[in-house]
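Structure first, commentary second.
The values are calculated or read from the model by the stated rules, or taken from the named source; none is laboratory data. Computed from a predicted model, the values in this text were never measured in an experiment. Don't worry about glycine lacking a Cβ; one is built from the backbone with ideal geometry, like all the others, and counts go over all protein chains shown. Accessible surface is based on the protein model in full, side chains and every heavy atom, while ligands, DNA and RNA are left aside. Shrake-Rupley method; radii C 1.70, N 1.55, O 1.52, S 1.80 Å.
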Amino acid sequence: MKQSIPLLFQHRHILPGGRMPLRVAPGQQMEVFKNALSSTDGFGICMYDEAEKESHVFHIGTRVTIEDFDTSAQDGSLIVTVYGHENFRIHTLHENKEGFLFAEYESIPLWPEVEIKMDQQELADKLKQMFSKHPELNELNQQKQFNNLSWLCQRWLEILPVPACDKQALINTPSCQNTYDYLMSIMQETH
């Protein structure tokens with residue numbers, strides 16, 4: 001069933017079960033954000049990529065809701081922490097009379113939880129190390145699921161500088177297996 005959702009665009013991606021801080025600048029971005037707040041189901045975060053001379057909006061986003069916000073930024077920005085609920089596929093984009101973008105979308109089923117096996121433990125161990133080195137990531141992920149391969153793969157996709165087109169392709173699969181294979185190939189290349 002197609003639904004409509006207001007959109008915000010980011011260079012980074014948030015996935016289901018993830019948390020991400022967003023800086024909302026004063027001006028047009030703040031107006032878009034205020035409009036998005038009027039939606040009772042949250043709003044959509046979509047990746048975009050500014051290549052050469054064009055901006056490219058990707059067709060898969062994540063429905064998010066706000067968990068916390070901070071207005072103490074000196075430049076008048078608002079820092080909001082959002083939580084990812086589900087991925088969605090955009091069917092059509094439309095602009096309302098104020099110039100804000102909305103998407104007609106269809107939800108993408110969540111990846112099923114997969115208990116990690118012994119030979120997959122490295123992925124969890126490396127994420128624990130990452131959280132230890134970066135306390136801000138550790139704080140964002142309060143309910144860690146180191147035994148759930150799907151959760152691990154999603155957190156790695158949020159953190160790693162994987163090309164947006166690759167992230168989109170991996171997210172658009174029915175399980176985490178392709179993402180796990182991709183992540184392990186990256187980790188093996190770096191050794």
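Cβ-Cβ distances below 9 Å connect the following pairs, each with a first residue in segment 16-40 that is in contact (Cβ under 8 Å) with a residue 40 or more places away in the chain, a second residue that is among the small types (Gly, Ala, Ser) and loosely packed, with under 13 Cβ neighbours inside 10 Å, and a separation of six or more residues or different chains: ALA25/GLY76; PRO26/GLY76; MET30/GLY76; GLU31/GLY99; VAL32/GLY99. When segment 17-41 is examined, which residues are found to be at pLDDT 75 or above, outside any strand (DSSP E or B) and open to solvent by less than 10 Å² (accessible area, probe 1.4 Å)? Those that are at pLDDT 75 or above, outside any strand (DSSP E or B) and open to solvent by less than 10 Å² (accessible area, probe 1.4 Å): GLY18, PHE33.
Restricted to helices (runs of 4 or more DSSP H) entirely inside segment 83-176, those with at least 3 residues that are within 28 Å of ASP68 (Cβ to Cβ), open to solvent by 70 Å² or more (accessible area, probe 1.4 Å) and not aliphatic (A, V, I, L, M) are 121-133, 135-140. Listed by first and then second residue, the pairs with beta-carbon distance under 8 Å, at least 6 apart or on different chains, first residue in segment 146-171 and on the phi > 0 side of the Ramachandran plot, second open to solvent by 10 Å² or more (accessible area, probe 1.4 Å) and not in a helix (DSSP H, G or I), form an empty list. Contact map, segment 87-99: first residue under 15 Å from PHE9 (Cα atoms), second residue outside any strand (DSSP E or B), Cβ cut-off under 6 Å, separation 6 or more or different chains; pairs are ASN87/ILE171.
Every test in (1) open to solvent by 50 Å² or more (accessible area, probe 1.4 Å); (2) at pLDDT 85 or above; (3) of a type outside the set (A, V, I, L, M, F, W, C) is passed by GLN74 save one, and that test is (2).
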